Amino acid sequence: QVTMLHHPGHTKGSCSYVFTVKDSGRSYRVLIANMPSIITDKKFADVAAYPTIQQDYAYTLKAMKNIQFDIWLAAHASQFNLHQKHPSGSAYNPSAFIDQKGYDDELNDLQKKYDDKLKKDAEK
């Protein structure tokens with residue numbers, strides 16, 4: 001069973017996914033996170049095609065802080081340090097992706113970028 005989590009902001013239809021996988025050792029709750037990176041230099045208020053973009057980013061950043069998971073991945077390898085966690089040729093090791101701190105750090109960085117953008121938008 002895959003659960004889709006609506007995480008708008010990056011785009012209106014951005015979603016993350018949560019599901020459980022099992023190997024011979026245990027089960028893992030896996031999050032494939034659509035990290036809400038800011039993709040516009042325009043003021044949020046000037047994105048006419050997406051009038052709720054600012055509120056959607058705020059919603060998603062808050063919602064993502066409450067997700068329970070064992071393993072997290074993201075759409076872009078750099079967002080979850082894929083190549084450091086699992087270098088090419090590495091043996092099977094799902095525990096390499098158990099990284100709550102890395103997830104929290106990435107979300108905190110995105111929250112800071114969002115907050116900085118709000119300040120910058122207010123100054124324009």
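The values are calculated or read from the model by the stated rules, or taken from the named source; none is laboratory data. Everything quoted here is computed from the prediction, not taken from an experiment. Quick reminder, even Gly has a Cβ in these numbers, built from the backbone with ideal geometry, and neighbours come from all protein chains shown. Side chains included, ligands, DNA and RNA excluded: accessible areas come from the protein's heavy atoms. Shrake-Rupley method; radii C 1.70, N 1.55, O 1.52, S 1.80 Å.
Data for the structure
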| read-out | value |
| --- | --- |
| Flag for residue 53 being in contact with a Phe, Trp or Tyr (Cβ under 8 Å, 6 or more places away or on another chain) and either closer than 19 Å to residue 13 by Cα or among the small types (Gly, Ala, Ser) (or both) | yes |
| Number of positions in the range 55-85 that are on the phi < 0 side of the Ramachandran plot and open to solvent by 70 Å² or more (accessible area, probe 1.4 Å) | 11 |
| Residue list for the range 8-33, filter: under 26 Å from residue 94 (Cβ atoms), in contact (Cβ under 8 Å) with a residue 24 or more places away in the chain and in contact with a Leu (Cβ under 8 Å, 6 or more places away or on another chain) | 16, 18, 30, 31, 32, 33 |
| Test result for residue 20, among the β-branched types (Val, Ile, Thr), surrounded by 12 or more Cβ atoms within 10 Å (Cβ to Cβ) and touching a His at 6+ places or on another chain (Cβ under 9 Å) | no |
| Any pair with Cβ under 7 angstrom, 6 or more apart, that starts in the range 107-124 at a residue that is closer than 13 Å to residue 54 by Cα and ends at one that is open to solvent by less than 80 Å² (accessible area, probe 1.4 Å) | 111/61; 113/38; 114/38; 114/57; 114/61; 117/38; 121/43; 121/44 |
